[in-house]
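The values are calculated or read from the model by the stated rules, or taken from the named source; none is laboratory data. Quick caveat: nothing in here was measured; it's all calculated off a predicted structure. Note: ideal-geometry Cβ built from the backbone for every residue, glycine included; neighbour counts use all protein chains shown.
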Amino acid sequence: MRQVETATRAVKVTQLKRSAFAVAAALCAPAGFAQTESERLNAFFEEVHQATLKRWPQLQTNLGLKGDYDKWNDRSEAKRLAEHEITIRNLTHLQTQFDYERLDAPSKVSYRLFEKGALCNIQWFPFRHHYYPITQLGGMHKRIPTFLIRRHAVDTRADAEAYLARLAGISSVMQQVIDDLEVRVSKGIIPPRFVFPGIYADIRSILSGAPFDDSGRDTALLADFREKVTALDLPDNDTRVLIEAARRTLREVVQPAYRALEDYLRIMQRQATTDDGAWKLPDGDDYYAMALRSTTTTAQSAAQIHALGLNEVARIHAEVRDIVSAIGFDGDLQAFFSFILTDDSNFYPDTDAGRNAYLEKSRALIDAMRAQLPTVFHTQPRAGLEVRRVESYREKAVDIGFYDAPAVYGERPGIYYVNLHDMRLMPKTHMEALAYHEAVPGHHMQIALAQQLPDLPKFRRFGGYAAYVEGWALYAERLAKEMGFYRDPRADFGRLAWELLRAARLVVDTGLHHKRWTREQAIAYLDANVAQTHEANRKAIDRYIVWPGQATAYTTGMQKILELRARARQALGSRFDVREFHHTVLSNGAVPLDVLESVVEAWLRE
């Protein structure tokens, strides 16, 4: 805690001291070499980025680089302490070695963002054990196969051998996870009882197939390795040797590592309770308040967010009633919700043909949207975009749709994943808004564009703030309406149904973690107010329980973007161009909402 206080005091370093160090640095520069203050600052950011890459092998892989390709990230407590010290040093260097007033406008934004990010990390440090590293949503047990399958490309034999080395390293990774869980148990930080069966089911799925059983099919990791190695131009015997090495490592290393994790989780489960909210944790109220500040990047209290959610739910209900009336449906909202969720014509068949039809329709929706993007955007992402079905080993636990960013260095495209495990969870009414949220003009537009901004420091190109990222994607759903999409009133209902769910999240998240609602209370609220099945609502509440605060990002972020757009439209009148507004919002990478506001205000002044 003393380190946190020291770092926080560093924020109060005077401008005079900053200027003095900047002048000293200028005097010490080599003759004939005069860097501007902004150039010096960006050089520092690049130095920090390169040092970060060297410390985190998986980050290199995520970006499409192959340094330390055989290694996993170190997740030990000693590593966390070391990273904390590095953050404090970097923050101190920023505040004492650069003169903020001598920076150009873009560099001032970068300065503020780096400072904010460092301070947030420092303020989070005392709560570093409060989150649950393994839940029914995910954790290293699921991230390991996803990372290897999705991220670890095999273009050479050396890449294949690095893959094998990573398989062999899973034992150490799992031991670090277990060590992490032991620390939490000692502090009384244990997820609710309902979490554990889902984790065991995921482990069973990961360990199903050859070489773990005689089912006649490969497990996901062996199938992935076999496919990647077979695609190489290697002698047949070399291919067989590599595949056999993978089988042996999976059986002798990976399986025991997963079993050890499961054994410890079963011990942990004995101490689990049915209490759900963050309030049950040590300093739980402070932890949740920190989670809300970090997620929303605002100073709104839990009570204010709860009230906002109630107001938004009431507003959207009124808009849905207008659609119900226009359609000519005879019944109240709950009756209409039930009709939409049970009408067979609203779903593709639960067959391979039905799943393929959903995928093809999603691709057609995205293609149609892409054709219209120039009407509201100056620039489009260069990275490719694909629509894929979620892999079988994780489809029972993940969301119905999500986006995976492209590689910055490499050929990996952005991917919009749709979860077609249960077609009754994928109504046709909702698919249009879902595609616009996850693909274009939503996550792919924002994230892929940020990656291709060459003038931004890399920490801004590759970073993110939930309220901005999810707020933009929810804004994109509404933007599509303004562009003339959702021509079918049922599709427009689907858009409102998603917006309604995001508003209800404000209510149930704060209800669970601030007002101490029970899990059953929160589920009942969703059952009464949103257009989802009871089972979908249960899964949603279970997500919000284990991920405090995250669900508040969507509506908070969208409202800020809409507020700034309205302000710009009023200020500019006939000169307002939505393409320029979008360029301003998207050309700075993901930023906190207060920084976004200052960026838009600066654009208006210009």
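Structure summary
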| read-out | value |
| --- | --- |
| Residue match in segment 568-578 (condition: touching a residue at least 24 places away in the same chain (Cβ under 8 Å), closer than 25 Å to Arg461 by Cα and out of contact with any Phe, Trp or Tyr (no Cβ under 7 Å at 6 or more places or on another chain)) | yes |
| Filter result (basic (Lys, Arg), closer than 17 Å to Phe377 by Cα and in contact (Cβ under 8 Å) with a residue 24 or more places away in the chain) within segment 469-512 | Arg478 |
| Test: residue in segment 113-122 that is under 28 Å from Lys539 (Cα atoms), crowded, with 19+ Cβ neighbours inside 10 Å and out of contact with any Pro (no Cβ under 8 Å at 6 or more places or on another chain) | no |
| Check on Phe347, surrounded by 13 or more Cβ atoms within 10 Å (Cβ to Cβ), within 23 Å of Glu535 (Cβ to Cβ) and not β-branched (Val, Ile, Thr) | yes |
| Helices (runs of 4 or more DSSP H) (entirely within segment 1-76) containing at least 2 residues that are in the same structural domain as Thr92 (by TED's automatic domain parsing) and either acidic (Asp, Glu) or at pLDDT 95 or above (or both) | 37-55, 57-62 |
| Selection within segment 199-223 - out of contact with any strand residue (DSSP E or B) (no Cβ under 9 Å at 6 or more places or on another chain), surrounded by 14 or more Cβ atoms within 10 Å (Cβ to Cβ) and of a type outside the set (Gly, Ala, Ser) | Ile199, Tyr200, Asp202, Ile203, Ile206, Leu207, Phe212, Leu221 |
| Scan of segment 563-603 for residues that are of a type in the set (A, V, I, L, M), surrounded by 15 or more Cβ atoms within 10 Å (Cβ to Cβ) and assigned to a helix (DSSP H, G or I), ordered by number | Leu564, Ala568, Val578, Val585, Leu586, Leu593, Val595, Leu596, Val599, Val600 |
| Qualifying residue in segment 556-576 (condition: under 24 Å from Tyr132 (Cβ atoms), in contact with a Lys or Arg (Cβ under 8 Å, 6 or more places away or on another chain), among the hydroxyl-bearing types (Ser, Thr, Tyr) and modelled with pLDDT of 95 or more) | no |
| Test: residue in segment 354-376 that is in a loop (DSSP other than H, G, I, E, B) and crowded, with 22+ Cβ neighbours inside 10 Å | no |
| Of all residues in segment 388-418 being more than 18 Å from the chain's Cα centre (by Cα) and over 14 Å from Ile149 (Cβ atoms), the one that is modelled with the highest pLDDT | Tyr409 |
| Single unsatisfied condition, Ile190 versus (1) farther than 27 Å from Arg128 by Cα; (2) in contact (Cβ under 8 Å) with a residue 12 or more places away in the chain | (1) |
| Given (1) within 25 Å of Tyr465 (Cβ to Cβ); (2) in contact (Cβ under 8 Å) with a residue 12 or more places away in the chain, index of the condition Ala307 fails | (2) |
